[in-house]
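Presented below is the structure to which this report refers.
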Amino acid sequence: MAAASEPFRLLVLPGDGIGPEVIGQTLRVVDWFGRFLGRPFAISQDLVGGACLDTHGVPVTDAVVETALSADAVLFGAVGGEKWDSQPIHLRPEAGLLRLRKDLDLFANLRPAICYPELASASALRPELVEGLDILIIRELTAGVYFGEPRGVETLANGVRRAFDTQAYTSEEVERVVRAGFDIARGRNRRVCSVDKANVMQTGAFWREIATAVGRDYPDVELTHMYADNCAMQLMRRPKQFDVVVTDNLFGDILSDAAAMLTGSLGLLPSASLGAAGPDGVRKALYEPVHGSAPDIAGRGLANPLATILSFGMCLRHSMRAPEAADRLEAAVRRVLARGVRTADIARPGEAGVSTTQMTDAVLAELDAM
Ligand code: NAD
């Protein structure tokens, strides 16, 4: 592992819409932690998405992908906007993000769902069901039915049209994401729930078999299995029963969005996408808020920066291996919310809400005060 005094190489890709606004504020928090940890950040910043299309004609350049491959982590804002909506799929702003995920082989998508007590009333569920919720959904991101071949639409001999996709997983693809789940659970409450459809799908039974085998290497972590449909129900019925949920690409896509709604606001949801650990034990990683570029509020200083600030918190935890620093940042955010500081998206009815900068000021003030 790199010595703590070596600069941490962070590639920053603000993107479009509110991306530059929330990233700009998050960089103030990055700067604070550089001083706190006594470890400088070597930051390079570049274009991605629509901004990159306008300048270079592609949503991400080869040079940026190269820099991402050699960086310790990537901090990504958001991409997209009406201006580029008519581009062909491979030249849409989102294609830049997809290429980064693919080229960095980021196979584990981490989506925490944390419900801050002060915001429990914003959840789609009753406050007592979600208050204090802290779960982590890990979605396999680079294989499964979204990538499986063959896929297509055909016309049968009788003239009937038929569409098909292929759900396929290799043992390596299952093992590496399940193993990431166990490793991460060791830094949490040591419980992994592996989610599949082992009752009706070959890939489900296979997933369960491999998860069980991997579990034997982690006797200190409790492993349970759950069918995906039951998991959807349990997330609504008693979400606090989970710690780490690990599942395939399709189920993870749906279950992580359902879990997101337990917490109330898009502006608060961070994410991480992790790749394989290198010889130094450090994984390739990209950190980004779950939300998009929010063109409806871009350029007005209204965006909630907390999802991006908390994404950087995940970088402190998973890439910088500074869990105390990550805890400190999450505690600062919690205190800010407890004090009633709100951007417009989480403001109480009739309240104006503070600006993107003022919200960040409040987080920095809490960090200074702690
Ligand atoms: P969105 O997440 O950008 O916005 C949905 C709603 O949530 C909007 O009303 C927006 O104002 C609000 N919102 C989102 N983030 C917020 C924040 N930080 N603070 C306050 N309010 C916030 O989703 P959308 O409107 O469906 O998509 C807008 C653009 O973003 C599209 O071009 C879409 O393709 C793109 N997009 C990009 C990503 C990404 O970069 N990873 C993800 C989703 C959507």
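The values are calculated or read from the model by the stated rules, or taken from the named source; none is laboratory data. Quick caveat, the model's predicted, so the values are computed rather than measured. Here the Cβ is made from the backbone with ideal geometry for all residues, glycine too, and neighbour counts use every protein chain on show.
Evaluate the following for residue 324: is it within 11 Å of the ligand (Cβ to nearest atom) and among the charged types (D, E, K, R)?
So residue 324 fails the test.
Among the residues of segment 100-114 satisfying the criterion of being at pLDDT 95 or above and within 14 Å of the ligand (Cβ to nearest atom), which is farthest from residue 134 (Cα to Cα)?
Among those that are at pLDDT 95 or above and within 14 Å of the ligand (Cβ to nearest atom), it is 100.
Restricting to helices (runs of 4 or more DSSP H) lying wholly in segment 18-91: which have 2 or more residues that are more than 11 Å from the ligand (Cβ to nearest atom) and under 21 Å from the mean Cα position of the chain (by Cα)?
Answer list for segment 18-91: 19-37, 62-70.
Let's see how each residue does on (1) modelled with pLDDT of 95 or more; (2) over 21 Å from residue 35 (Cα atoms); (3) more than 16 Å from the ligand (Cβ to nearest atom); (4) touching a strand residue (DSSP E or B) at 6+ places or on another chain (Cβ under 7 Å):
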site: 270; (1), (2), (3), (4): yes, yes, no, yes
site: 300; (1), (2), (3), (4): yes, yes, no, no
site: 311; (1), (2), (3), (4): yes, no, no, yes
site: 338; (1), (2), (3), (4): no, yes, yes, no
site: 348; (1), (2), (3), (4): no, yes, no, no
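What number of residues within segment 316-353 satisfy the criterion of being touching a Lys or Arg at 6+ places or on another chain (Cβ under 9 Å), farther than 22 Å from residue 10 by Cβ and touching a residue at least 60 places away in the same chain (Cβ under 8 Å)?
Qualifying residue count, segment 316-353: 1.
Please verify whether segment 125-136 includes one or more residues that are in contact with a strand residue (DSSP E or B) (Cβ under 6 Å, 6 or more places away or on another chain), surrounded by 18 or more Cβ atoms within 10 Å (Cβ to Cβ) and farther than 21 Å from residue 233 by Cβ.
Scanning segment 125-136, I find no residue that is in contact with a strand residue (DSSP E or B) (Cβ under 6 Å, 6 or more places away or on another chain), surrounded by 18 or more Cβ atoms within 10 Å (Cβ to Cβ) and farther than 21 Å from residue 233 by Cβ, so the answer is no.
Considering only segment 44-54, I want to know if a residue exists there that is acidic (Asp, Glu) and under 24 Å from residue 318 (Cα atoms).
yes
Can we say residue 321 is under 22 Å from the mean Cα position of the chain (by Cα) and at pLDDT below 95?
Yes.
Run residue 288 past the list (1) surrounded by 24 or more Cβ atoms within 10 Å (Cβ to Cβ); (2) among the charged types (D, E, K, R); (3) farther than 25 Å from residue 102 by Cβ and report the number of the one that doesn't hold.
Answer for residue 288: the failing condition is (3).
Of all residues in segment 140-199, how many are part of a loop (DSSP other than H, G, I, E, B) and at negative phi?
Total satisfying the criteria: 25.
Kindly provide the set of residues from segment 44-60 that are closer than 13 Å to residue 91 by Cβ and surrounded by fewer than 21 Cβ atoms within 10 Å (Cβ to Cβ), ordered by number.
54, 56, 57, 58
Being of a type outside the set (S, T, N, Q), under 21 Å from residue 291 (Cβ atoms) and in contact with a Cys (Cβ under 6 Å, 6 or more places away or on another chain) narrows it down to one of 78, 73, 113, so name that one.
The conditions single out 73.
What single numbered condition from (1) assigned to a helix (DSSP H, G or I); (2) under 25 Å from residue 65 (Cα atoms); (3) among the basic types (Lys, Arg) fails to hold for residue 328?
(2)
Looking at (1) closer than 27 Å to residue 83 by Cβ; (2) crowded, with 17+ Cβ neighbours inside 10 Å, which is the one condition that is false for residue 295?
Checking residue 295 against (1) closer than 27 Å to residue 83 by Cβ; (2) crowded, with 17+ Cβ neighbours inside 10 Å, the one that fails is (2).
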